[in-house]
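Just below is one structure, and these are the notes that go with it.
The values are calculated or read from the model by the stated rules, or taken from the named source; none is laboratory data. Please read all numbers here as calculations on a predicted model, not as lab measurements. When we count neighbours, we look across all protein chains shown, and the Cβ atoms used for this are built from the backbone with ideal geometry, even at glycine.
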């Protein structure tokens, strides 16, 4: 059993998927199925053995900020209800948080280079969070976006030579896949909310940014990955069943995510 739990494949795929699916099934009646993303991701972090606050490295700060996302998402869904300004405000908030996550690395670079890198990361987080959170009332599109943001970030991190961040991203994608599966079955009865969209976008973007700052993922891969929440906005046949819509939305999201991975692979070969 211990060997099974320490298997990287189980840690980054099967376990977060099962945890996410169980959480989504239990909580969808109270409109909190979106906690599947955070639950699956944190389950993988725990299984990998990366929980802890000391020393507070950039990778651990990443986990802390990703864990804060579902908490704020629940508050936004239950206490305030998302509005048009919710998405950009959360984008700005977590964009600033990303600077805190990578400050130990940014502060060691020349001032101009560190400022440019930090501004780019903040802008990337703001963009991705804002455009993903605005999908809060479209569960199928949000699920497809979360699935391929996670898988794209995880695969890109692996290609960028960061196995740990790769596991994190793949685990996030698996947890989002569990949510999407339930959305395919239940259709409009399941709600993504800011709980899901904020968690998926924050965690995936921080993982991708971490692979850039701490490993060798190229900027252009992050730019391609940021197109995922735009791609899922392409037209869907609304009269068709939810499972067909989910497949089409996933194909839309696959294109930029695969492009991001292809660019990372090309960069790794060149290096």
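Filtering 210, 173, 187, 166 for residues that are in contact with a helix residue (DSSP H, G or I) (Cβ under 8 Å, 6 or more places away or on another chain), in contact (Cβ under 8 Å) with a residue 12 or more places away in the chain, at positive phi and part of a helix (DSSP H, G or I) leaves a single hit, 187. Taking the range 213-271 and the helices (runs of 4 or more DSSP H) fully enclosed by it, the elements with 2 or more residues that are over 18 Å from the mean Cα position of the chain (by Cα) and under 23 Å from residue 197 (Cβ atoms) are at 242-270.
Taking (1) more than 19 Å from the chain's Cα centre (by Cα); (2) within 27 Å of residue 108 (Cα to Cα); (3) crowded, with 16+ Cβ neighbours inside 10 Å in turn, residue 56 satisfies each apart from (3).
For the criterion of being in contact with a helix residue (DSSP H, G or I) (Cβ under 8 Å, 6 or more places away or on another chain), buried (at least 24 other Cβ atoms within 10 Å of the Cβ) and assigned to a helix (DSSP H, G or I), residue 198 passes. Among the residues making up the range 104-114, a single one is exposed (fewer than 15 other Cβ atoms within 10 Å of the Cβ), assigned to a helix (DSSP H, G or I) and in contact with a helix residue (DSSP H, G or I) (Cβ under 8 Å, 6 or more places away or on another chain): 104. Identify, by number, the condition in (1) at pLDDT below 95; (2) surrounded by fewer than 17 Cβ atoms within 10 Å (Cβ to Cβ); (3) part of a helix (DSSP H, G or I) that residue 13 doesn't meet. Every condition holds for residue 13 apart from (2). Note on the range 27-85: residues that are part of a loop (DSSP other than H, G, I, E, B) and at negative phi total 14.
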